[in-house]
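These notes are about the structure you will find just below.
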Amino acid sequence: MPVAAPPYPTGHDLLAGKTVLVTAAAGSGIGFAAAKRCLEEGARVMISDIHERRLGEAAERLAESGSEAPTTHPCDVRSDEAVRGLCAAAVEQMGQVDVLINNAGLGGHARVVDMTDEQWNQVIDITLFSVFRMTRAILPHMLERGSGAIVNNASVLGWRAQEGQSHYAAAKAGVMAFTRCAAIEAAESGVRINAVAPSIAVHEFLAKVIPQDVIDDLVSQEAFGRSAETWEIANAMVFLASDYASYMTGEVISVSSQHA
């Protein structure tokens, strides 16, 4: 019998006075939930996504929810030029970037023997290289200021095996390793870099890249008997972005109820 999700949390100003940039925030996934929770915790937020129409719709939904309307800037995280343009726009419009949430990623389902170079490269580019590009672009700004927090979205698949997920798992394991190494480089300037590793948070776009029977099987493995709500993943991101995580860097927090 699934355990019901807890009530939606109220804000406690954990990010009051901070500015936050979130990638891949359109739609109904973790990025949107992260932007919503950051707004509810008192931050000023810029959201980005490759889908310009969906990005505008996401901003409208966030404003309708009672939060301050975020600013928007479309970006294709596969392009270094676009990434640098996004970071420059965020600094210009918000004055500074205190927090970067690297949420962009692409999943899929393919066995190794059937996987094409294009499938492999696309997942690695969007899921791993985007984290590198965004971090490289924003770090000089944070290092110069001597403060900042970067939160990367990894996955438990960076640790665990799952059929049909070799490209995605390799990318997420790369995000974890990148997080640890980049954190060491940034620590001496007071910049923190951490990651969350969710197991499964079902939303409307997940079924487009993963067969429903696979999703059902993954949910059945969760100790709570249900998928995480996207805002439950976002809560961990908010914590890592906040001053409550001031002594944490290079860490990967598993947001999961999977059986061992």
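The values are calculated or read from the model by the stated rules, or taken from the named source; none is laboratory data. The shown structure was predicted, so the numbers you read here are calculated from the model rather than taken from an experiment. We place every Cβ from the backbone using ideal geometry, glycine too, and count neighbours over all the protein chains shown.
Tabulated data for the structure shown
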item	result
One residue from R145, R111, R133 being surrounded by fewer than 19 Cβ atoms within 10 Å (Cβ to Cβ), under 19 Å from A170 (Cβ atoms) and in contact (Cβ under 8 Å) with a residue 40 or more places away in the chain	R111
Count - residues of segment 231-260 that are buried (at least 20 other Cβ atoms within 10 Å of the Cβ) and in contact with a strand residue (DSSP E or B) (Cβ under 6 Å, 6 or more places away or on another chain)	8
Residue count, segment 62-79 (criterion: touching a residue at least 12 places away in the same chain (Cβ under 8 Å) and assigned to a helix (DSSP H, G or I))	1
Among the candidates G164, G174, residue that is in contact (Cβ under 8 Å) with a residue 24 or more places away in the chain, in a loop (DSSP other than H, G, I, E, B) and not β-branched (V, I, T)	G164
Matching option when the condition is surrounded by 23 or more Cβ atoms within 10 Å (Cβ to Cβ), closer than 19 Å to A234 by Cα and in contact with a His (Cβ under 8 Å, 6 or more places away or on another chain), among S48, S28	S48
Test: residue in segment 31-51 that is charged (D, E, K, R), assigned to a loop (DSSP other than H, G, I, E, B), within 13 Å of T72 (Cα to Cα) and modelled with pLDDT of 95 or more	yes
Test result for A89, of a type in the set (A, V, I, L, M) and within 21 Å of L143 (Cβ to Cβ)	yes
Lone qualifier among A82, A26 - being in contact with a Cys (Cβ under 7 Å, 6 or more places away or on another chain), without any contact (Cβ under 8 Å) to a residue 40 or more places away in the chain and not in a strand (DSSP E or B)	A82
Test: residue in segment 206-228 that is charged (D, E, K, R), surrounded by fewer than 18 Cβ atoms within 10 Å (Cβ to Cβ), at pLDDT below 95 and not in a helix (DSSP H, G or I)	yes
